[in-house]
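Taking it in order: structure first as structure tokens, then the write-up.
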Amino acid sequence: MKLMLAPMEGVVDHLMREMLTQIGGFDLCVTEFVRVVDQLLPKKVFYRFCPELKEGGVTKSGTPVRVQLLGQEPDWLAENAVRAIELGSHGLDLNFGCPAKTVNKSKGGAVLLQEPETLYRIVKKVRDAVVNEQPVTAKMRLGFNDKTLAIENAQALAEAGASHLVIHARTKVEGYNPPAYWDWIAKIKQYVDVPIIANGEIWTAEDALRCQEESQCQDLMLGRGALAVPNLAQVIRGEQNKMPWSEVIELLIHYSGYEIYGDKGIYYPNRIKQWMRYINLQYPEARELYLQIRTQRCPDTIVNILRAQI
């Protein structure tokens with residue numbers, strides 16, 4: 001079984017990747033998407049989204065990191081894919097799953113699931129441009145408004161040369177509302193001959209097992225569940241029990257030190273609150289703590305509230 005850490009815009013940055021991979025259990029991380037419009041992006045953009053490129057493309061614990069691109073222009077995506085690989089990305093991922101309205105309005109992410117031929121052209125161009133030994137992968141949802149094109153989209157991506165597909169088992173319209181339709185992934189598997197990784201609504205080891213059974217996929221990608229239970233990958237592997245609340249508090253404090261003194265320190269209050277919303281889903285103890293920090297804007301005040309929990 002391979003477990004991958006999902007790309008989550010504004011949440012899973014390099015600091016979160018470093019922390020979660022230190023806990024262990026992940027075989028690969030995928031970055032937040034790098035938006036490509038009509039130019040070859042400067043190297044500094046790739047380093048901003050993926051500082052691990054300066055360290056061989058791996059986190060400090062040695063977990064490989066793959067750059068993800070989002071866009072609609074095959075030629076520009078191909079040029080930027082080559083640059084990402086040259087800088088040290090472990091393969092290249094393409095985003096056809098982002099449900100954000102602002103992204104979809106600019107014809108990126110899940111909106112392209114209405115155009116199987118565009119998916120094919122993008123992946124084919126990128127696959128032809130990237131050296132053969134480097135994987136070109138794609139992340140998709142089951143569709144945009146509905147699942148009518150789910151199989152056709154997957155076939156287009158596979159036939160264009162995608163090394164594997166990650167399928168989030170919901171449409172764009174379904175967003176992140178439960179349930180995830182893992183059985184649809186099993187349907188798609190009957191029509192494509194590339195490996196598929198299942199994604200969506202995996203919060204516990206029991207969820208992971210049911211997802212594997214219903215999707216008929218051994219490999220999984222973890223997103224929100226890995227934020228809600230920071231050692232979820234190790235729990236799924238049967239290596240650890242769910243992290244105790246006391247250790248979650250220590251992790252929050254540790255993360256605070258990363259964020260406040262890192263290059264994105266101004267975003268710390270919003271990021272810690274966003275993370276706490278996920279933790280609140282799996283730890284009842286988190287609710288009172290979240291209420292305490294929800295209205296705070298001063299990083300030092302938030303950290304003092306966290307330290308008071310020890």
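Exactly one residue out of Pro299, Pro269 is modelled with pLDDT under 95 and over 20 Å from Arg224 (Cα atoms), and it is Pro299.
Within segment 229-255, being closer than 15 Å to Gly25 by Cα, out of contact with any strand residue (DSSP E or B) (no Cβ under 9 Å at 6 or more places or on another chain) and either surrounded by fewer than 19 Cβ atoms within 10 Å (Cβ to Cβ) or without any contact (Cβ under 8 Å) to a residue 12 or more places away in the chain (or both) holds for Gly238, Glu239, Gln240, Asn241, Lys242.
Mind listing whichever residues of segment 87-103 are part of a helix (DSSP H, G or I) and hydrophobic (A, V, I, L, M, F, W, C)? Break it down into steps so the answer makes sense when it comes.
First pass over segment 87-103, keeping only residues part of a helix (DSSP H, G or I): 87, 101-103.
Listed by number, the residues that qualify are Leu87, Val103.
When segment 127-145 is filtered for residues that are closer than 12 Å to Leu94 by Cβ, touching a helix residue (DSSP H, G or I) at 6+ places or on another chain (Cβ under 6 Å) and part of a loop (DSSP other than H, G, I, E, B), only Val130 remains. Right, Trp184: surrounded by 18 or more Cβ atoms within 10 Å (Cβ to Cβ), touching a residue at least 40 places away in the same chain (Cβ under 8 Å) and in a helix (DSSP H, G or I) or not? The answer is yes for Trp184.
Residue by residue, here is whether (1) polar (S, T, N, Q); (2) under 26 Å from Glu201 (Cβ atoms) holds:
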position	(1), (2)
Asn241	yes, yes
His254	no, no
Gln274	yes, yes
Arg277	no, yes
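Of the residues making up segment 202-228, those that are more than 23 Å from Glu18 (Cα to Cα), in a loop (DSSP other than H, G, I, E, B) and free of Cβ contacts under 8 Å to residues at least 60 places away in the same chain are Gln216, Cys217.
From the set of residues in segment 272-296 that are among the polar types (S, T, N, Q) and surrounded by 14 or more Cβ atoms within 10 Å (Cβ to Cβ), which is modelled with the lowest pLDDT? So the residue we want is Gln274. Pairing each residue of segment 106-131 that is in contact (Cβ under 8 Å) with a residue 12 or more places away in the chain and assigned by TED's automatic domain parsing to the domain that holds Gln155 with any residue that is part of a helix (DSSP H, G or I) and among the acidic types (Asp, Glu), provided the two are 6+ apart or on different chains, yields C-beta distances under 7 Å for Pro116/Glu152; Tyr120/Glu159; Lys125/Asp75.
For Lys147, indicate whether it is among the charged types (D, E, K, R), closer than 20 Å to Val36 by Cα and either touching an Asp or Glu at 6+ places or on another chain (Cβ under 7 Å) or free of Cβ contacts under 8 Å to residues at least 60 places away in the same chain (or both).
For Lys147, the condition - among the charged types (D, E, K, R), closer than 20 Å to Val36 by Cα and either touching an Asp or Glu at 6+ places or on another chain (Cβ under 7 Å) or free of Cβ contacts under 8 Å to residues at least 60 places away in the same chain (or both) - is not met.
Taking Leu252, is it of a type in the set (A, V, I, L, M), under 30 Å from Cys211 (Cα atoms) and out of contact with any Leu (no Cβ under 6 Å at 6 or more places or on another chain)? Considered against the rule, which asks whether it is of a type in the set (A, V, I, L, M), under 30 Å from Cys211 (Cα atoms) and out of contact with any Leu (no Cβ under 6 Å at 6 or more places or on another chain), Leu252 comes out as no.
For segment 135-180, a residue qualifies if it is touching a Lys or Arg at 6+ places or on another chain (Cβ under 6 Å) and either on the phi > 0 side of the Ramachandran plot or surrounded by fewer than 18 Cβ atoms within 10 Å (Cβ to Cβ) (or both), and exactly one does: Gly161.
The values are calculated or read from the model by the stated rules, or taken from the named source; none is laboratory data. Everything numeric here is computed off the predicted structure, so don't read it as measured data. We place every Cβ from the backbone using ideal geometry, glycine too, and count neighbours over all the protein chains shown.
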